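The values are calculated or read from the model by the stated rules, or taken from the named source; none is laboratory data. Just so we're clear, the structure is a prediction, and the values are computed from it rather than from any experiment. Counting neighbours? That spans all protein chains shown, and the Cβs are built from the backbone with ideal geometry, glycine included. These accessible areas exclude ligands, DNA and RNA; they are computed on the full protein's heavy atoms, side chains included. Shrake-Rupley method; radii C 1.70, N 1.55, O 1.52, S 1.80 Å.
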Amino acid sequence: MNPVISVALENQLEISTLQNHLLFESPRVLFLDVSAFGTPRELATRVRRILDEIKTIRARNPAPVSQARRNAVFERNTIDGRVLDSVLGLMGICR
């Protein structure tokens, strides 16, 4: 992600978030949210540079890198919902 973020910043794009919406997906999927001011042509040109960088990276590394670890999913956790209820001041609905 660092090269892609660098291209975004070099092109005056403001990064608001880098996030994943999915857990344990393979290959890994990340979303980079950017914003900027300019004409549609200027903005499209800046975003195109990000897409070109991604294309360059994929050409060097055609096989996706998987960092998902399925064995990291716990069958049972130690979260006590009552503690969360007391901190939040309300009762959760998942019981």
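Paramagnetic label reach from Arg60 (point 7 Å along Cα→Cβ; backbone nitrogen cut-off under 14 Å): within the stretch 1-20, residues 1-7. Annotation: amide H-H contacts under 5 Å for Val34 (H modelled 1.01 Å from N, sequence separation of 5 or more, or interchain): Ser16.
Other residues with beta-carbon under 14 Å from the beta-carbon of Pro40 carry, at +1 per Lys or Arg and -1 per Asp or Glu, a net charge of +2. Taking Leu18, Leu30, Leu84 in turn, the Gaussian network model of the chain (Cα-Cα springs below 10 Å) assigns the largest fluctuation to Leu84.
Just the protein heavy atoms count here, and of the accessible area of the chain at 1.4 Å, carbon and sulfur take up 57 percent. Estimated from helices alone, the mean residue ellipticity of the chain at 222 nm is -12500 deg cm²/dmol (sum of -39500 (n - 2.57) over DSSP H runs with n ≥ 4, per residue).
Each of Asn20, Ala59, Leu43 was scored by the projection of its Cα onto the charge dipole of the chain, and the greatest displacement toward the positive side belongs to Ala59; charges sit on the C-beta of Lys, Arg, Asp and Glu. The residues of the chain present an accessible area of 87 Å² per residue when probed at 1.4 Å with all protein chains retained. Available extension along the chain between Leu32 and Glu75 is 12.4 nm, counting 0.36 nm per residue and deducting the alpha carbon span.
Which residue, Ile54, Ile15, Ile79, tops the fluctuation ranking in a GNM of the chain built on C-alpha contacts under 10 Å? The residue that fluctuates most here is Ile79. Quick note on the chain: its Rg to Rh ratio, both from C-alpha atoms and Rh being the Kirkwood radius, is 1.16.
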